[in-house]
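The values are calculated or read from the model by the stated rules, or taken from the named source; none is laboratory data. Since we're looking at a predicted model, the values are computed, not measured. Heads up, the Cβs are rebuilt from the backbone with ideal geometry, glycines too, and the neighbour counts pull from every protein chain shown. Ligands, DNA and RNA are excluded from the accessible area calculation, which covers all protein heavy atoms including side chains. Shrake-Rupley method; radii C 1.70, N 1.55, O 1.52, S 1.80 Å.
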Amino acid sequence: MTGSLGPRSVRQDIVTLVALCAVVLFVGLTTHGLSNWQESMRALVARDMGVMGEWVVPRVNGEAYLAKPPMVYWCQLAIARVRGVFGGDGVPGVFELRLTVALAAMLGVVATYVVTRGGCWVRRGDAREKSGGGGAEISWHRTRRGGVRSFSGRGFCM
């Protein structure tokens, strides 16, 4: 028995997931200090990038720090800038670091839900109908309980 979720139920599920993530991930972001050297290093790199005005290459004490891609630091700097507009000091700290990680986690939860529920995959018949006979061909085999056992094909859509 195959059933499809309508847009309303998917929307409700996503709202529920976001609300659950907000409670689990965002409550108590700054109730304790930096807990390990990795958190400390991420906060230090973002602070140095903000103070030096160098947004391209992450730096620690003036030397390039290339252990991680700069996207995490850019997010921290952007949040600090937004907070600076609304009365904050504009320098990234513990809150910006943890908010960046919490937002990434929430995005990961929602993306996992959308992909596993089939919200982005185009089925073989749907792709042919939409493209006039050609286009992406995707097929998957389901187990008896509805889980995906194998996946083959091309064509991922949003």
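Below is a table of values for the structure above.
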| item | result |
| --- | --- |
| Filter result (in contact with a Leu (Cβ under 6 Å, 6 or more places away or on another chain) and either of a type in the set (Gly, Ala, Ser) or not in a helix (DSSP H, G or I) (or both)) within the range 93-120 | Ala102, Ala105 |
| Among the residues listed as Ala102, Ala127, Ala80, the single one being in contact with a Gly (Cβ under 9 Å, 6 or more places away or on another chain), modelled with pLDDT of 85 or more and open to solvent by less than 40 Å² (accessible area, probe 1.4 Å) | Ala80 |
| Lone qualifier among Gly108, Gly93, Gly28, Gly84 - being in contact (Cβ under 8 Å) with a residue 40 or more places away in the chain and small (Gly, Ala, Ser) | Gly93 |
| Single residue of the range 38-57 satisfying the filter (among the charged types (D, E, K, R) and part of a helix (DSSP H, G or I)) that is farthest from Gly90 (Cα to Cα) | Glu39 |
| Among the candidates Gly88, Gly93, residue that is closer than 18 Å to Gln38 by Cα and surrounded by 14 or more Cβ atoms within 10 Å (Cβ to Cβ) | Gly93 |
| Restricting the range 58-82 to residues that are part of a helix (DSSP H, G or I) and not aliphatic (A, V, I, L, M), the residue that is nearest to the chain's Cα centre (by Cα) | Cys75 |
| Test: Val27 is surrounded by fewer than 11 Cβ atoms within 10 Å (Cβ to Cβ), modelled with pLDDT of 90 or more and under 23 Å from the mean Cα position of the chain (by Cα) | yes |
